[in-house]
Amino acid sequence: MAEVVVFSIFAAVALVGAVVMVTASNPVYSAIGLLGAMFSIAVMYVMLDAHFVAAVQVIIYAGAVMTLFLFVIMLIGVDTSDVYGMRPMVQRVMTVVVSIGFFAAIVLAARGAWITGSDAFGSGDFNGTIEAVADNLFGNWTIVFLSTVMLLTIAALGTIALAYFGHVSADDEEATL
Amino acid sequence: MSIFIEATIKVIAAFVFLLLTTLIIIWAERKWVSDLQNRIGPDRAGPFGILQSLADGAKAFFKESIRPARADFVIYMAAPIAAVLPALLIFLVIPIGAPVEIGGTEYTLQVMDLNIGLLYVLALSSIAVYAITLAGWSSGSKYPLLGAVRASAQMISYEAAMGLALVPVVLFAGTTSIAGIVDGQQGTFGAFLPAWNIVLLPSFVIFLIAGFAETNRAPFDLVEAESEIVGGYHTEYSGLTFAMFFLAEYINVFNISALTATLFLGGWAGPVPDFLPTAIQWLVPIFWFLLKTWAVVFLFVWVRATLPRMRYDQLMAFGWKRLIPVSLAWIILCAVAIGFREFGAPWS
């Protein structure tokens, strides 16, 4: 019972947040809407016993990424009076097509559960503690995990290299003139 | 007893305890700062001015909450609530004493012991920045906005250092459950040295510095630097809404102090004398916990009364170029030490 109540509340918050994020004309409202959606999804993870994923969701997405978005929005100082004109027709049609496609993909992915009533991805006894997640990450999926680590490290290094080595200081520019 | 009743009682008790403590901290800070600065400090309301916080609270309650004309009203009113909530919630995972046995059932003196305890703390402290950011933005005025931009940059930077400082603690404890970390600090090294995590000295220092920055306390109070940006993010707030920001700041000071005491100073661990009657022996761990926590609270006040405010570029350079590299190096050292202990030398 309690689960149904909590789920209903946070599902509603997640949906409203997502809609606000897309429709709000003020970027700060969009950011807050996205924040609400992310936080509600973290609550869903808690209800699914995936505590570690929930904590990471809040720390990384709600905590770091959204703060950065808000910071950039405030730093650039987007004015509330900025009005974005209607999007071109092609874009609107594309939006509808992609939305339908995405919805269909979700339905396909969740179909197993809807028809048979069992979990679409198998594994009935799910354990979301840090120990269980670590066992999987560093046991079953070590190579995949380390590849992701490599990928992210290379991306970070690339960013630093692009920003740092391509940089021409004001003095150098003057010297070349 | 149903788990719901137990949880409700614990949560209410924790909130009452937290609010009363905050009142005392505000008074104690003013007294200590005035002592450190050779002043008398509040001495009119009650003996030693101890009712000063209550009087201030009553004053804030009856003051008008002014609403700036250009404020974004919904967010403007939501921000103070968003400041207090994470502060209250963080305290729920901190154990304030040893488990107590009442009528054959064991109760922990902690609202909940989460498997992800430390991550929960980090998650909530990363949420706390929104209150300040949104308060500054929604005030519709330039000084609050400057304070908010400073706050978001500062809190993201020092949150990283704080998280990294906690990694060695987790490595050595082998758990992120806070009760588990306290259990790991019971006992002694050798004969009498307590086995506290303070032996991870770099972590302790970095955590404490990051804690000062996370709570926006001196010397990192650029967010509300009165000589530069009036009151920072809370410039436009008055009355009860201002009081809520004030409350949140002091609850956060207590939370960080309690966390420092719990993670690095052994929490409630300490000698329990045998001669006391068993009925009051359960109070002794609470006493140790409060003693350690208040020692850290005093450190907060002492630092505030002693150190001047940092410059903004110094703050950023200190966070990113000193604290984070040092904590990364320290994590590697700790990991190597643990690997050595577990598996022996690589050449053996």
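The values are calculated or read from the model by the stated rules, or taken from the named source; none is laboratory data. On a predicted model such as this, the values are computed, not experimentally measured, just so you know. Cβ sites come from the backbone with ideal geometry, for glycine too, and all protein chains shown count toward neighbours. Remember, those area values only see protein heavy atoms, side chains included, never the ligands or the DNA or RNA. Shrake-Rupley method; radii C 1.70, N 1.55, O 1.52, S 1.80 Å.
Tabulated values for the structure
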item: Residues losing 30 Å² or more accessible surface upon assembly, segment A:15-62, compared with the chain by itself, 1.4 Å; result: A:Val28, A:Tyr29, A:Ile32, A:Leu35, A:His51, A:Ala55, A:Val58, A:Ile59
item: Computed [θ] at 222 nm, helices only, for the protein assembly as shown once each DSSP H run of length n ≥ 4 contributes -39500 (n - 2.57); result: -22000 deg cm²/dmol
item: Summed side-chain charge close to B:Trp302 - residues other than B:Trp302 whose Cβ falls under 13 Å, Lys, Arg +1, Asp, Glu -1; result: +1
item: Using θ = phi - 60° and Karplus 6.51 cos²θ - 1.76 cosθ + 1.60, couplings along segment B:266-275 (whole Hz; Gly, Pro as x); result: x, x, 7, 5, x, x, 10, x, 6, 6
item: Local net charge near A:His51, Cβ-Cβ under 13 Å (Lys/Arg +1, Asp/Glu -1); result: -3
item: Sites A:Ile106 and B:Leu193 - FRET efficiency at Förster radius 56 Å, r taken between beta-carbons, to 0.05; result: 0.45
item: Carbon plus sulfur fraction of accessible area for chain B, probe 1.4 Å, in percent; result: 71
item: For B:166-177, mean number of other protein chain Cβ atoms within 10 Å; result: 1
item: For the protein assembly as shown: accessible area per residue (Å², 1.4 Å); result: 56
item: Fluctuation leader among B:Gln52, B:Gln185, B:Gln37 - chain B, Gaussian network, Cα springs under 10 angstrom; result: B:Gln37
item: Chains A and B, summed buried accessible surface - 1.4 Å probe, Å², nearest 100; result: 2000
item: Shielding by partners - mean other protein chain Cβ count within 10 Å, residues of B:137-145; result: 1
item: Between segment B:233-248 and segment B:78-154, the alpha-carbon center distance in angstrom; result: 17
item: At R0 = 25 Å, FRET efficiency that the Cβ-Cβ distance of B:Arg322 and A:Ala156 yields, to 0.05; result: 0.80
item: Sequence-distant residues sharing a close amide H with B:Gly97 (under 5 Å, placed H); result: B:Leu109
item: Chain lengthening between B:Arg309 and B:Leu85 when straightened (0.36 nm per residue, less Cα-Cα); result: 77.9 nm
item: Peptide B:39-47, shielding by other chains (average Cβ, 10 Å cutoff); result: 0
item: Contact order relative to length of chain B, as percent, for alpha carbon pairs under 8 angstrom and 6 or more apart; result: 23
item: Solvent-accessible area lost in complex, 10 Å² minimum, residues of segment B:54-81 relative to chain alone, 1.4 Å; result: B:Asp72, B:Ile75
item: In Hz, Karplus ³J(HN,Hα) per residue of segment B:160-173 (6.51, -1.76, 1.60; θ = phi - 60°; x = Gly, Pro); result: 4, 4, 5, x, 5, 5, 7, 4, x, 4, 5, 4, 6, 7
item: Listed residues B:Pro47, B:Pro80, B:Pro271, most fluctuating in chain B (Gaussian network, C-alpha, under 10 Å); result: B:Pro47
item: In Hz, Karplus ³J(HN,Hα) per residue of segment B:309-316 (6.51, -1.76, 1.60; θ = phi - 60°; x = Gly, Pro); result: 5, 7, 7, 5, 5, 5, 4, 5
item: Sum of side-chain charges, B:Arg311 neighbourhood, beta-carbon under 14 Å (Lys, Arg +1; Asp, Glu -1); result: -1
item: Shape of the protein assembly as shown, Cα gyration tensor, a/c cut at 1.5; result: rounded
